[in-house]
Amino acid sequence: MWEWIRVPVLVQTIALLGVSNVFMTFAWYAHLKELNHKPWLIAALISWGVALFEYLFQVPANRIGFTQYSIAELKVLQEVITLTVFVPFALYYLKQPLRLDYLWAALCLIGAVYFVFRNHQPAG
């Protein structure tokens, strides 16, 4: 029925990792703003609940991605997505100042993407 819809593995992987990283970022950092008045154990339990949703997207993302990409490629891809999600989160949600270090980190990740993907050999 849906044979005409063929979403490339890279697009599926990036989309799932993007959603996963939104949950991951909230699980890791939102408690600093929203639960800073609660005991750390409460914050940890709530963060674990949010992290469950991270894993519900991250595991299929990596399984799908691993059909065509190496572990190193998936890891670098995930780090680029993490920074792409984290910077707006830090700026808008946590009201952190924009730092030039974000640009330098992004440039380093562009280099990482280049070196990890330059000899990409699709699986099977």
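The values are calculated or read from the model by the stated rules, or taken from the named source; none is laboratory data. Given the structure is predicted, the values throughout are model-derived calculations rather than measurements. Methodologically, a virtual Cβ is constructed for each residue, glycine included, from the backbone with ideal geometry; neighbour enumeration extends over all protein chains shown.
Tell me whether the range 53-60 contains one or more residues that are of a type outside the set (A, V, I, L, M) and free of Cβ contacts under 8 Å to residues at least 24 places away in the same chain.
no
For the range 91-114, which positions are assigned to a helix (DSSP H, G or I) and in contact (Cβ under 8 Å) with a residue 60 or more places away in the chain?
Y93
Can you name the condition, by its number, that T84 falls short on among (1) crowded, with 17+ Cβ neighbours inside 10 Å; (2) assigned to a helix (DSSP H, G or I)?
Only one criterion in (1) crowded, with 17+ Cβ neighbours inside 10 Å; (2) assigned to a helix (DSSP H, G or I) is unmet by T84, namely (1).
From the list L83, L35, L45, which residue is over 23 Å from F117 (Cα atoms) and touching a helix residue (DSSP H, G or I) at 6+ places or on another chain (Cβ under 9 Å)?
L35
Restricting the first residue to the range 1-25 and requiring it to be at positive phi, which pairs with a second residue that is modelled with pLDDT of 95 or more and part of a loop (DSSP other than H, G, I, E, B) meet a Cβ separation below 8 Å and a spacing of at least six or different chains?
If the second residue must be modelled with pLDDT of 95 or more and part of a loop (DSSP other than H, G, I, E, B), no pairs are left.
Just checking, which of Y29, Y55, Y69 is closer than 26 Å to Y92 by Cβ and in contact with a Ser or Thr (Cβ under 8 Å, 6 or more places away or on another chain)?
After ruling out the rest, the residue left standing is Y55.
For A30, are the conditions met, namely being surrounded by 15 or more Cβ atoms within 10 Å (Cβ to Cβ) and in contact (Cβ under 8 Å) with a residue 24 or more places away in the chain?
Yes; evaluated as a whole, the condition is true for this residue.
So, S70, is that one among the polar types (S, T, N, Q) and in contact with a helix residue (DSSP H, G or I) (Cβ under 6 Å, 6 or more places away or on another chain) or not?
Here the answer is no, as S70 does not meet what is asked.
Restricting to the range 65-74, and then to whatever is assigned to a helix (DSSP H, G or I) and touching a residue at least 12 places away in the same chain (Cβ under 8 Å), can you tell me which residue is surrounded by the fewest Cβ atoms within 10 Å (Cβ to Cβ)?
Among them, the one singled out is A72.
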